[in-house]
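A.B. asks: Got a structure for you, questions after.
The values are calculated or read from the model by the stated rules, or taken from the named source; none is laboratory data. As the structure is a computational prediction, the values presented were derived from the model and not from experiment. With ideal geometry, Cβ positions are generated from the backbone for all residues, glycine too; neighbour counts draw on all protein chains shown.
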Amino acid sequence: MSDTAKPSQDKSFFGFDKNPSNILPTKYTLDSKIKFRCHPGVPCFTQCCRDIKIVLTPYDILTLRRRLNMTAAEFLHVYTEPTYLQKVDFPGVIIKLNEQGICPFLKSAAEGCNIYTDRPTACRYYPVGMAHFHEGAQEEQTAEEFYFVVKEPHCKGFEEDKTWTIRDWRADQGVDLRDRMNKGWMEIVMRRKSFGFQATLSEQAKRMFFMTSTDLDQFRKFIFESSFLDSYEVDAEILERIRTDDVELMLFSFKLLAAMLFGTNDVKVKEEKLKAKIEEIKKKQEVSAKTMEEKADADMRDILAERERIRQETGK
Ligand code: SF4
Ligand code: SF4
């Protein structure tokens with residue numbers, strides 16, 4: 001592929017939405033080696049910063065808006081557009097490309113990325129992806145975990161004379177910190193994916209996922225300015241931390257999401273609220289059973305009345 005040819009639009013860290021024909025059919029470990037180098041001297045430099053779809057994780061948004069000194073709402077408005085995370089039925093955001101289809105953080109084709117030290121997770125992973133954890137599970141990583149390499153025709157980095165282990169490549173790209181920060185969120189996404197579409201999410205659940213994934217300012221208001229704390233048990237020490245610390249707040253949001261979406265015990269509903277809810281459900285069921293009983297009685301009365309009318313008309 002020539003330098004001017006259009007790259008694919010799959011520079012995503014979600015390995016499952018890549019073009020499978022570009023994924024090398026090899027499972028890599030941390031000690032596996034790859035020959036690759038990306039630097040301003042490659043003929044394709046910055047070709048992969050255009051015509052792309054870059055899904056932002058909550059930590060990406062947090063670091064980018066801090067770097068740009070913006071509120072979450074300002075950042076979302078200026079630099080992102082909504083998307084649907086493939087196959088998981090969750091709303092998310094991607095970087096909004098400019099009219100020429102170029103990432104707004106590209107300084108120039110020769111100079112590269114303007115926010116390089118804070119670039120999003122997807123840009124750091126490329127071209128090494130991780131087969132994430134184990135679909136549907138949420139504990140520690142398992143033997144199932146492995147890495148894969150995406151080799152797209154336009155990318156000339158594979159022709160460079162530099163060999164790394166996957167471990168060193170990831171360390172060089174600062175991926176480990178991103179993995180730690182994204183882990184809770186990725187587990188929710190993967191767990192949701194494992195359910196497929198059999199379990200439909202309510203609009204309320206989707207709104208909660210979107211808010212926690214994109215706008216921590218709003219999420220903090222939700223915690224401290226709504227009736228949330230009347231219903232949920234949150235340790236006083238954690239509350240103090242999440243009041244001012246954005247990273248702590250983000251990590252807490254993942255736990256709350258897991259509890260709300262999948263019923264984990266990470267954040268618990270207060271005992272009295274739980275009891276009140278159970279009572280409310282019971283009452284509703286009783287009312288519903290009573291209504292059904294009354295309806296059945298009414299139907300029976302109608303049938304008997306109709307029979308009587310026919311008997312009188314026909315004399316039978
Ligand atoms: S954020 Fe930087 S590295 Fe990533 S696509 Fe944009 S310009 Fe390229
Ligand atoms: S070598 Fe690959 S990753 Fe680097 S600029 Fe070229 S296309 Fe992008």
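A.B. asks: Show the residue pairs that are 6+ apart or on different chains and have beta-carbon atoms under 9 Å apart, the first residue being within segment 252-264 and over 11 Å from V234 (Cβ atoms), the second being crowded, with 20+ Cβ neighbours inside 10 Å and hydroxyl-bearing (S, T, Y).
C.D. replies: S253/T212; S253/S213; F254/T212; L257/T212; L257/S213
A.B. asks: Additional query: For segment 205-254, enumerate the residues that are small (G, A, S), surrounded by 12 or more Cβ atoms within 10 Å (Cβ to Cβ) and farther than 16 Å from G184 by Cα.
C.D. replies: A205, S231, listed by residue number.
A.B. asks: Across segment 110-126, which residue is nearest to ligand 1 (Cβ to nearest atom) among those that are in contact with a strand residue (DSSP E or B) (Cβ under 9 Å, 6 or more places away or on another chain) and under 16 Å from G41 (Cα atoms)?
C.D. replies: That would be C113.
A.B. asks: Separate question: So if I check each of L76, L106, which one is among the aliphatic types (A, V, I, L, M), surrounded by 15 or more Cβ atoms within 10 Å (Cβ to Cβ), modelled with pLDDT of 95 or more and within 16 Å of ligand 2 (Cβ to nearest atom)?
C.D. replies: Just one listed residue meets the conditions, L106.
A.B. asks: Residues to consider are K283, K206; find the one that is of a type outside the set (D, E) and under 35 Å from the mean Cα position of the chain (by Cα).
C.D. replies: Sole residue among the options that is of a type outside the set (D, E) and under 35 Å from the mean Cα position of the chain (by Cα): K206.
A.B. asks: Filtering segment 21-61 down to residues that are under 18 Å from R170 (Cα atoms) and in a helix (DSSP H, G or I), which residue is farthest from ligand 2 (Cβ to nearest atom)?
C.D. replies: Filtering first and then ranking leaves Y59.
A.B. asks: Consider D31 carefully, then state whether it is surrounded by fewer than 17 Cβ atoms within 10 Å (Cβ to Cβ) and either over 17 Å from Y116 (Cβ atoms) or modelled with pLDDT of 95 or more (or both).
C.D. replies: It is true that D31 is surrounded by fewer than 17 Cβ atoms within 10 Å (Cβ to Cβ) and either over 17 Å from Y116 (Cβ atoms) or modelled with pLDDT of 95 or more (or both).
A.B. asks: If you check Y79, Y84, which single one turns out to be within 14 Å of ligand 1 (Cβ to nearest atom), touching a Pro at 6+ places or on another chain (Cβ under 7 Å) and closer than 23 Å to W185 by Cβ?
C.D. replies: Y79
A.B. asks: Take the residues in segment 71-104 that are touching an Asp or Glu at 6+ places or on another chain (Cβ under 9 Å) and in a loop (DSSP other than H, G, I, E, B); name whichever of them is farthest from V149 (Cα to Cα).
C.D. replies: T71
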